[in-house]
Amino acid sequence: MTTTAPRMSQTLPEEYRGRLMRIAREVAFPQDSRLFEEGSRADRFWIVRSGSVALDIRVPGRRAPIIESLGRGELIGWSWLFPPYVWQLGAQAETPVRAYEFDAFTVRLMCASDPGLGSFVAQWVGGVLAHRLSVTRSRLLSLYAPYGYDAA
């Protein structure tokens with residue numbers, strides 16, 4: 001897939017980016033650490049500052065395939081915005097990772113109190129979700145579809 005997911009820096013006006021960045025905290029994850037597991041509670045999200053994070057999906061009876069690798073400027077996690085706030089994928093640091101971490105509850109409150117911010121965040125995260133769905137579909141077809149299937 002040649003397209004990339006929308007980035008906060010490209011989607012949100014400076015005013016809204018600034019408001020969100022004021023509540024962010026800097027975090028670090030060592031290589032091979034799990035950020036979250038599919039099916040667990042989604043109570044935060046991250047923007048990658050440096051490093052690489054692999055998104056994976058459980059497949060019964062098989063090792064979890066990597067769906068996509070995320071790098072600088074990319075959003076890790078969208079499940080925090082949509083009830084029931086449960087991760088739909090898993091995530092693991094492929095390299096040491098530095099990121100900005102956001103508390104999901106706080107961001108949802110900010111969005112509820114400012115419809116403009118809420119609209120831009122919904123468009124941003126919705127665009128990321130659409131991208132991830134497309135990437136996941138293509139990846140799973142390339143892994144499990146009959147030989148000769150072209151997912152493009």
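The values are calculated or read from the model by the stated rules, or taken from the named source; none is laboratory data. Since the model is a prediction, treat every value here as computed from it, not as a measurement. Cβ coordinates were reconstructed from backbone atoms using ideal geometry, including for glycine residues, and neighbour counts include every protein chain displayed. We work out accessible area using only protein heavy atoms, side chains counted, and drop any ligands, DNA or RNA first. Shrake-Rupley method; radii C 1.70, N 1.55, O 1.52, S 1.80 Å.
A few notes on this one:
- Within the chain: Cβ-based charge dipole about Cα centre, in debye rounded to nearest 20 (Lys, Arg +1; Asp, Glu -1): 80 debye
- With the cut-off at under 13 Å, measuring from each backbone N in segment 74-110 to a point 7 Å along the Cα-to-Cβ line of residue 9 picks out 74-75, 100.
- C-alpha long axis of helix 14-23 to longest principal axis of the chain, angle in °: 90 degrees
- Computed from backbone phi, the HN-Hα couplings of segment 62-76 come to 9, 5, 5, x, 6, 8, 7, 10, 10, x, 3, x, 8, 7, 9 Hz, rounded to whole numbers (Karplus: 6.51 cos²θ - 1.76 cosθ + 1.60, θ = phi - 60°; Gly and Pro given as x).
- Relative contact order of segment 41-95, defined on C-alpha pairs under 8 angstrom at six or more residues apart (%): 47 percent
- Rolling a 1.4 Å probe over the heavy atoms of the protein chains gives the chain an accessible area of 55 Å² per residue.
- Carbon + sulfur, % of accessible area of the chain - ligands and nucleic acids excluded, 1.4 Å: 55 percent
- Computed E for residue 57/residue 95 - FRET, C-beta separation, R0 25 angstrom, nearest 0.05: 0.75
- Placing unit charges on each Cβ (+1 for Lys and Arg, -1 for Asp and Glu) gives segment 1-48 a dipole about its Cα centre, and among 6, 47, 20 the Cα reaching farthest toward its positive end belongs to 20.
- Full-stretch length increase - residue 72, residue 38 - with 0.36 nm per residue and alpha-carbon distance subtracted: 10.0 nm
- Of the residues 12, 35, ranked by 1.4 Å probe accessible area with the largest first, the sequence reads 35, 12.
- Relative contact order for the chain, counting Cα pairs under 8 Å that sit 6 or more residues apart, in percent: 31 percent
- Taking chymotrypsin sites (Phe, Trp or Tyr not before Pro) across segment 68-130, the ones in a DSSP loop with at most 15 further Cβ atoms lying within 10 angstrom of their Cβ are 85.
- Listed values (i) 32, 19, 16; (ii) 27, 17, 15; (iii) 25, 20, 16, entry calculated as semi-axes √(5λ) of the Cα gyration tensor in Å: (ii)
- Local electrostatic count at residue 7 - Lys and Arg +1, Asp and Glu -1, tallied over other residues with Cβ under 11 Å: +1
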